[in-house]
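Contents: one structure, followed by commentary.
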Amino acid sequence: MNERNKRWKVGSDFLSSAAAVWMVPLVALVIGGWMLFQHWYEQGPQVTLTVERAEGIVAGKTAIRSHDVDIGRIESVELSRDFSHAVLKARIDKQASDMLRDDSLFWIVKPRVGREGITGLGTLLSGTYIEMAQGKQGKARDSYKIQDSPPLASAGQKGIHLVLTSRETRALGVNSPVQVQGYTVGQVEQVNFVPEKSQMEYKVFIKAPYDTLVNSNSRFWMTPGFEVSVTSQGMKVKMDSLETLLNGGITMGLPAGWAPGDPVKDNSSFTLFQDQASVLEGNLNQFLYYVFLFEDSLSGLNPGAAVEYRGVRVGTVISAPYIVDDELSARFNKRTLPVLARIEVQRLSQRDADTDHEKWLALFEQQFRQGLRASLRSSNLLTGSKIIDLNFVPDAPRYVAQTIKNKPVFPSVSAGLDQIERKVNKILDKFADMDIAATLDQVNRTLATLDKTLGSVRSVSNNLDKLTGQSATQQIPASLNQSLQQLQQTLQDYDAGSRTSRELQKSIQSLNQMMRELQPLVRSLNEKPSALIFDRSARPDPQPKRGDQ
């Protein structure tokens, strides 16, 4: 019995020893499992990042940062299945997992040299890293696309994002300013070309509190950094800021007379116009079409030229000349050329633009009866371009309503060089109506009368000489004697042999000679009034005589 107890005691010691040995790996396994669970529990989410080129990105080393604090790391770098881009697996720390939202942004920070300056110089020592901007809207996603350039608006900055589209070939740069009355209220964040629509697309950001200025009636146009314009008023040179000169710029505003519209949502789309003048033209849709009949030359009047009323643009030329079937050939006999132009009603009144066209036509009919006429006027002496000028003409011919192809005719008058030619012809007609012979006879009678007067002056001068030589006259007070001597001196100046008399006679002779030379010119003008402008007809060539046999 004692031996049996001994054997069981020995077995118990063996089992106890075996249990003690297996407790060590079991405890190690539990501790390892707990460490793995702790690591998994404290580990943040994994996201997939796609980028065109993975330049400078190394798996296990490239950090993900926000505000210069590491919040994650790149775990792997691979090519996509179609080999078109790089796929990055990134792990975000758990304490930064709340930064992931639908609108979170990622971009690579590396040295960049652009029009906005030099950025990312610190990465020359620390190496390339990925910057993350906290999102504000939506839920976290599994994959994000790394942007080519960092967003210009700082994370969390209040404002509104807009999309501007333009078909102009002139492209603006990233960081180009958006201005209101010359003050910068925003900037261009991205510039893209959309090949499907063949247009430029600009993503801009208007920062608060200026985002309240954006409404449905806001208009955007390009701001030229340097502009030179030559008009009839002279040359104008306009230079904006140096930033606008280098990168270009965008101006935001309301056209004159427009009321603010309704508020717009984020990422709303607007059209980017070429300049401020194109803003109004792009919104014109109410027109009155008229046919203008001009006797003057249409050289320099091109489609798109302005129709102005006392310097204010009210319309646009559509076609010059306006060819309707064979109407142009018939106009040769009538000495007029038709021009089609439109009156843009919204330039006259934005409030009454939607008024019935018949009322506008009746208003113009009333103005025609009061003397409103159209004429051609040169707008630029250097280029020779012309515009249609509207104005009230005194003593205008009586207005007679007429139409061409169901379009009313705008009454017109001649102006410019043709009007100057008519004035010159009137002056020449007055010269031609003058009686040159009677005029010369009157001049001769005047010269004879002048000779008699000079003779009388000489006689008076001789009598004064005798009078002043007598002793009685010399006893006159000295003051009276001095006055007589001055009078004598004055009369001697007008003596026949004096210089004054010679110059007067010479002037009269020159006048006679000029009148004699003017007689052929007057006779020529009587025969052909246009001889002063056009060359006289050449004489026929002489016919050679037949020689002697």
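Pick from Asp356, Asp352, Asp325: which is at positive phi and either modelled with pLDDT under 75 or open to solvent by 20 Å² or more (accessible area, probe 1.4 Å) (or both)? Full working, then the answer.
Values: Asp356 fails: at positive phi; Asp352 fails: at positive phi.
Sole residue among the options that is at positive phi and either modelled with pLDDT under 75 or open to solvent by 20 Å² or more (accessible area, probe 1.4 Å) (or both): Asp325.
Could you tell me whether Glu201 is at pLDDT below 85 and either among the charged types (D, E, K, R) or not in a loop (DSSP other than H, G, I, E, B) (or both)?
Numbers: at pLDDT below 85: no; either among the charged types (D, E, K, R) or not in a loop (DSSP other than H, G, I, E, B) (or both): yes.
No: the conditions fail for Glu201.
Identify all residues within segment 73-104 that are outside any strand (DSSP E or B) and more than 20 Å from Lys139 (Cα to Cα); write none if there are none.
Here is the first cut: in segment 73-104, the ones outside any strand (DSSP E or B) are 80-85, 93-104.
Result: Ser80, Arg81, Asp82, Phe83, Ser84, His85.
Out of all the residues in segment 378-416, which are loosely packed, with under 15 Cβ neighbours inside 10 Å and in a strand (DSSP E or B)?
Phe392, Thr403 - these are the residues of segment 378-416 that are loosely packed, with under 15 Cβ neighbours inside 10 Å and in a strand (DSSP E or B).
Can you report the number of residues in segment 73-93 which are open to solvent by 70 Å² or more (accessible area, probe 1.4 Å) and in contact with a Gly (Cβ under 9 Å, 6 or more places away or on another chain)?
Residues in segment 73-93 being open to solvent by 70 Å² or more (accessible area, probe 1.4 Å) and in contact with a Gly (Cβ under 9 Å, 6 or more places away or on another chain): 2 in total.
Which pairs turn up if I take residues in segment 129-141 that are closer than 7 Å to Asp103 by Cα and touching a residue at least 24 places away in the same chain (Cβ under 8 Å) and look for partners that are assigned to a strand (DSSP E or B) and open to solvent by less than 100 Å² (accessible area, probe 1.4 Å) with beta carbon separation below 9 Å, at least 6 apart in sequence or on another chain?
Gly135/Leu105
Test each condition in (1) outside any loop (DSSP other than H, G, I, E, B); (2) modelled with pLDDT of 75 or more; (3) open to solvent by 100 Å² or more (accessible area, probe 1.4 Å); (4) not basic (Lys, Arg) for Asp70 and report the one that comes out false.
Every listed condition holds for Asp70 apart from (3).
Thr48 is checked against (1) without any contact (Cβ under 8 Å) to a residue 12 or more places away in the chain; (2) surrounded by 11 or more Cβ atoms within 10 Å (Cβ to Cβ) and fails just one. What number does that condition carry?
Here Thr48 clears every test but (1).
The values are calculated or read from the model by the stated rules, or taken from the named source; none is laboratory data. Bear in mind that the values here come from a model prediction, so they are computed numbers and not experimental data. For neighbour counting, all protein chains shown are included, and Cβ atoms are generated from backbone atoms with ideal geometry for every residue, glycine included. Protein only, heavy atoms only, side chains kept; ligands, DNA and RNA dropped before computing areas. Shrake-Rupley method; radii C 1.70, N 1.55, O 1.52, S 1.80 Å.
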